[in-house]
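The values are calculated or read from the model by the stated rules, or taken from the named source; none is laboratory data. None of the values given here were measured: they were computed from a predicted structure. Here the Cβ is made from the backbone with ideal geometry for all residues, glycine too, and neighbour counts use every protein chain on show. Note: areas computed on protein heavy atoms with side chains; ligands, DNA, RNA excluded. Shrake-Rupley method; radii C 1.70, N 1.55, O 1.52, S 1.80 Å.
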Amino acid sequence: MRLQLILRRVAFLILVVWAASTITFFIPRMSDRNPIRERFAELARTGGFSASDLEVIVESYNKKFGLDKPLMEQYFDYIGSVAQLDLGVSLNRFPKTVTEIIYESLPWTISLLFVSAILSFVIGNLLGAIAAWPRAPGWLRSIATPFIMFTGVPPVLLAIFLLFFLAFRLKLFPLGQAYSTGIAPDWSFGFVLNVMWHQVLPAISMILGSVGGWVLSMRGMGITIQGEDYVNFAEHKGLGGRVIFRDYYLRNALLPQVTGFALALGSLITSGSVVESLYALPGLGSKLGQAIQANDFMVIYGIVLFITMSVATLMVLVEFLYPLLDPRIKAD
Amino acid sequence: MTHVLEIRDLQVSYYTDLGRAIALNRVNLNLKAGEKLGLVGESGSGKSTMALAMMRMIKAPGRIESGSVDVDGVDLMKLSDEEMRLARLSRIAYIPQGAMNSLNPVMRIGAQMVDAIRAHIPDMRKEAMIEQCMKSLESVDLKRNVFQMYAHELSGGMKQRVCIAIGILLKPKVIIADEPTSALDVVTQRQVMETIDRVQKEMGAAVILIGHDMGLMAQFVDKVAVMYAGRLTEVSTVRDMFTTPMHPYAQALIKSLPNLKNKGVFQGIPGLAPSLLRIPTGCAFHPRCTQAMESCKTTIPEVQDHNGRLVACHLYTEGA
Amino acid sequence: MTTMTTTAPPIVQLSRMKLLAGYLRRNKSLGIGLGIILLLVLFTLHGMVTVDQARAYPLKAKPKQPPGILDFSAEAWPGKLPMGSDFFGRDMHAAMVRGMWQTALIGVIAGAAGTLVGVVLGFTSAYFGGVFDAFIKGICQILTPIPVFMIQIIIASSLDKRDVTIFTMAWIVVMLAWMGPTLVIRSQVLSMKERQFVSVAKLSGVGNGGIIFGEILPNLLPFIAAAFVSQVFAGVFSSFYLAIVGLGPLREPLLGNIIWGAQSQGAFFNGWWWWPIWPAAAMVLILSALALINMGLDELANPRIRRTE
């Protein structure tokens, strides 16, 4: 029974990845723009490559896009290489492969997204739950209100304003970059602190931008749950307020939010990648932005595909988590 | 004989946008240990409000205006919030109306029973708590393995039994069961009522059974109290109530019960129950009463004792 | 005890405007959202009349001028630029006016087209069911985990940047934004199909067209309105994101493009703070207004939310 469920989810995941790679394969081919030729023309103008490099690039270009082969054959080759996580080479930073670029930038993206996703989920849901809890003191309930006002504001815009006020005007924080220029990266305490210091504003932008959404949905959920008979009966049982809040109210109200978390991952990564390039952090988003500027198409397609696959995988993982939280799911 | 429950002048209002609604109007009631009282009345007559007021669970915009509820000599209305929390379930327990939904879907039944004990006796050993829960489950005819189960794995009747098991966990002096059988089928209704009856006898607790199924009520309670528009109109023994109801409203209620003698004739009570926002002056029932007199429109009848029966009606004021 | 003086207030015929104003006072988020939109429209209309929009393009004004609106020394006027100018010599006021209506245009095109596609697909899929429904639902389910923005990047980057216009931007957004409204409308129609009034119409011999246009569509209108507003939001939002990573119509002073330009010229490092701040502030106002309107419509459709306060 359980195995069947897992297999079905995995099949769905493969379907999603297939759809994403198919889209990234066919859309560029629908335009009459030829990325490789354009890139070559550009490189030839600036004279930024040697003849031997050119041969390798052409070779990889033939292997990748094999324009001499029929379209469907190209497509199957492409799907095959995606399945092996071979995403091609960078035209701009040859001979780096796209996978290498992803690996070197991934830690930055993960640390920013992980911290901001978890913190905004926890803060937002807690504040939303409290805002809807009639027995919480008024001042505590009203903490959520300012966050609701940020609901419509995307993290990117918050990033711009935080840069302006806290970094540019008050000079409290750096104006971007992963760490101060002139410091050599190592694992010393000072360096780590410096990195974290540069991460504060990006993280705050991300958190402020998504807390409001959680507050709103959790408040709505909380209003429903607090009217449930089991919350009332918990009070009739003489339970303390904390136990009722945690075990009877919060736990039940959080269940739909977990699904919401999975659905929010996509927009979180989207915002994260733009915020990264705004703060010039060397993560996936910045690499994507640079690739767009430089017409480095393999990198664009590779990063897009990688992000898509990660989001789909995470969503399926969260769905696996769900039966652990809600015992009713197992029965279905 | 002393009373285990004494309610004096209990009054509850709801403050709405349209004005103040008096949901419970100076109610007095006594109950001895082991006594079973059925509380009946139309929807909105104040039965559930009375139960919630006794538990001190009236939520805004409602407010308990005055009165006292003595359980075993302790006035619940004078307790601090924390003392009242401890009194719930240990002195006075409430078995909820919507038993279908009264159990937390994401916690095991056992955890929901244990946390009830822990809230009252925090230093008790875990094994002792579990043992007490098991005993309680067994006393309502449930198997011990229900302890490990979730609400969605139980039938409606079993869920209601779990609620009863929770209600009797700490051997309260007073148990209020708010329409405990309303969502169950007839056979299960009977079984649940028998369960309540048996545990109540074992514990010697006073029971208030709220409901509108007069037939079911007649088989299980000793006394019946009839409420109308937030007031008690008559409190009598079951036999008296069903054979010679005194208050015209009680008479109408009894008459409206189906019986074999006048089969096919459905007798209702003319008129509608009054809105609590606009309770008629004098006796609240007078606009619908067939025996109303001039004084009924102006003065509120006091509850008076007629040979052990409590009636609030002007018909009996002069004659008595 | 109870007062008997609960007589109803005399019924006064209120004008529609007054009723609307009264409702907006209660539904604060709808009122504030519409208010902000009104202000932005007034700013744009005023600008379209008073400012030469040609000045929104490079080399039309003295570059890198700070906003004159903050310069209170009277003698500086009238030569000053009220909102300053950027590195490329664009008059920021003209650029903002042009950028505002271009953003609005993208939003409305994307919103209308996305909602239309969503209504048609959601409707046919739910109403007629069968293979078609399964197909539409399957596509929506598979596409949902794919971040739309990433696909939009692929589309936009495969286009020649010189070809990208306001309209291509709108179409890129529409191509991937119809799943949301489709699913919303589909589920609403599915639930309405089961309701009594539809069965009654069916039993009394009303044809498919009569049921769709006479019974279901009128009841669907609040949901269509809400879907439209969230589509406009999505359209503005994604075109802004595309522009900010440099995939917009580079020549146009679209709000996202201005920020992209400012960012690539290091506006904060060089002290030209007003350059990104104007479009960012405008964008905040637009998006919060749309979010507020959306919340207000939610409240309109689902009164239970009102219980919070």
- How much area per residue is accessible in the range C:214-270 when the probe is 1.4 Å and only protein heavy atoms are counted (Å²)? 32 Å²
- Task: Working from Cα positions, state the angle (0 to 90°, nearest 10) between the long axis of helix B:126-139 and the longest principal axis of chain B.
- Result: 50 degrees
- Using a 1.4 angstrom probe and counting only protein chains, how large is the accessible area of A:T259 in Å², to 10? 70 Å²
- Query: About the Cα centre of chain C, what is the dipole size in debye to 20, counting +1 per Lys and Arg Cβ and -1 per Asp and Glu Cβ, all else neutral?
  - Reply: 400 debye
- With Cβ to Cβ distances under 15 Å as the rule, what net charge do the other residues near B:G268 carry (K, R +1; D, E -1)? +1
- Query: Cross-link partners among lysines for C:K28, C-alpha distance below 18 Å, same-chain residues fewer than 8 apart left out?
  - Reply: C:K18
- log₁₀ of I(q)/I(0) at q = 0.05, 0.07, 0.08 Å⁻¹ - the protein assembly as shown, Debye sum with one point per alpha carbon: -0.43, -0.78, -0.94
- Note on the structure: Here, chain C modelled as identical Cα point scatterers in vacuum has Debye log10 I(q)/I(0) at q = 0.09, 0.10, 0.11, 0.12 Å⁻¹ of -0.60, -0.71, -0.82, -0.92
- Message: If you average the alpha carbon positions of the range B:275-316 and of the range B:170-236, how far apart do those two centres end up, in angstrom?
- Response: 26 Å
- Query: With every protein chain present, what accessible area does A:L3 have (1.4 Å probe, heavy atoms only), rounded to the nearest 10 Å²?
  - Reply: 120 Å²
- Positive dipole terminus of the protein assembly as shown, leading residue within B:S48, B:Q291, A:Y279 (C-beta point charges): B:Q291
- Counting only protein chains, not ligands or nucleic acids, how are A:E228, A:E73 ordered by accessible area (probe 1.4 Å), most first? A:E73, A:E228
- Note on the structure: Rounded to the nearest 10, the angle in degrees between the Cα long axis of helix B:186-203 and the longest principal axis of the Cα atoms of chain B comes to 80 degrees
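On average, how many beta carbons from a partner chain sit within 10 Å of the beta carbon of a residue in C:151-163?
Numbers: counts 6, 2, 12, 13, 5, 3, 14, 12, 4, 4, 3, 0, 2.
Other-chain Cβ atoms within 10 Å of each residue's Cβ, averaged: 6.
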- Query: Is any residue of the range C:105-122 close enough, with backbone N under 17 Å, to a label point placed 7 angstrom from the Cα of C:M48 along the Cα-Cβ axis, and if so, which?
  - Reply: C:105-110
- Query: Using a Förster distance of 35 Å, how high is the FRET efficiency between A:L193 and A:E104, based on the Cβ-Cβ distance and rounded to 0.05?
  - Reply: 0.95
- Query: Taking +1 at the Cβ of each Lys and Arg and -1 at the Cβ of each Asp and Glu, which of C:I36, A:I110, B:P245 sits farthest along the dipole of the protein assembly as shown towards its positive end, judged by Cα position relative to the Cα centre?
  - Reply: B:P245
- Kindly express, to the nearest 10 degrees and within the range 0 to 90, the angle between helix C:16-26's C-alpha long axis and the longest C-alpha principal axis of chain C. 80 degrees
- Query: Which semi-axis lengths, in whole Å and largest first, follow from the square roots of five times the eigenvalues of the Cα gyration tensor of the range A:99-232?
  - Reply: 36, 17, 13
- Note on the structure: Total charge of the residues flanking B:R231 in space, meaning their Cβ is under 11 Å from its Cβ, with Lys and Arg +1 and Asp and Glu -1, is -1
- Item | Mean residue ellipticity (222 nm) of chain A, computed from DSSP H runs ≥ 4 via -39,500 (n - 2.57), nearest 500 | -24500 deg cm²/dmol
- Tail fraction, Cα-Cα pairs, the range C:97-203, threshold 25 Å, whole percent: 35 percent
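Taking the Cα centre of the protein assembly as shown as the origin, how large is its charge dipole in debye, to the nearest 20, when only Lys and Arg (+1) and Asp and Glu (-1) carry charge on their Cβ atoms?
Dipole about the Cα centre, nearest 20: 980 debye.
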- With both partners inside the protein assembly as shown, how many of the DSSP beta bridges are antiparallel, as a percent to the nearest 5? 65 percent
- Item | For chain A, Kirkwood radius (reciprocal of mean inverse C-alpha pair distance, Å) | 22.9 Å
- Task: Report the one residue of B:I58, B:V303, C:G22 whose Cα lies farthest in the direction of the positive end of the charge dipole of the protein assembly as shown (charges on C-beta: Lys and Arg +1, Asp and Glu -1; origin at the Cα centre).
- Result: B:V303
- Message: I want to check the label-to-label distance for A:K96 and C:I139. Put each point 7 Å from Cα in the C-beta direction and report it in nm to one decimal.
- Response: 3.8 nm
- Quote the accessible area belonging to A:L317 in square angstrom, nearest 10, computed with a 1.4 Å probe and with ligands, DNA and RNA left uncounted. 100 Å²
- Task: Calculate, for C:L20 and B:K255, the FRET efficiency according to 1/(1 + (r/R0)^6) with r their C-beta to C-beta distance and R0 45 Å; round to the nearest 0.05.
- Result: 0.25
- Message: Quick check: with the 1.4 Å probe, what order do A:K69, C:K18 take by accessible area, largest first?
- Response: C:K18, A:K69
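Total Å² of accessible surface buried at the A-C contact, 1.4 Å probe, nearest 100?
When A and C are taken together, about 4300 Å² of accessible area is lost.
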- Query: So for the pair B:S182, A:V243, with labels modelled 7 Å out along Cα→Cβ, what separation do we get in nm?
  - Reply: 2.7 nm
- Task: Please give the average number of partner chain Cβ atoms lying within 10 Å of the Cβ of each residue in A:306-314, rounded to a whole number.
- Result: 3
- Item | Candidate residues A:F76, A:F233: accessible-area rank, largest first, probe 1.4 Å | A:F76, A:F233
- Task: Might you report the magnitude of the Cβ-based charge dipole of the range A:105-295 about its Cα centre, with Lys and Arg at +1 and Asp and Glu at -1, to the nearest 20 debye?
- Result: 300 debye
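Pairs B:K59/B:K297; B:K36/B:K173; A:K237/B:K159; C:K137/C:K193: which exceed 24 Å Cα-Cα?
Those over the limit are B:K59/B:K297.
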- Rounded to a whole number, the mean other protein chain Cβ count within 10 angstrom for residues of A:225-232 is 5
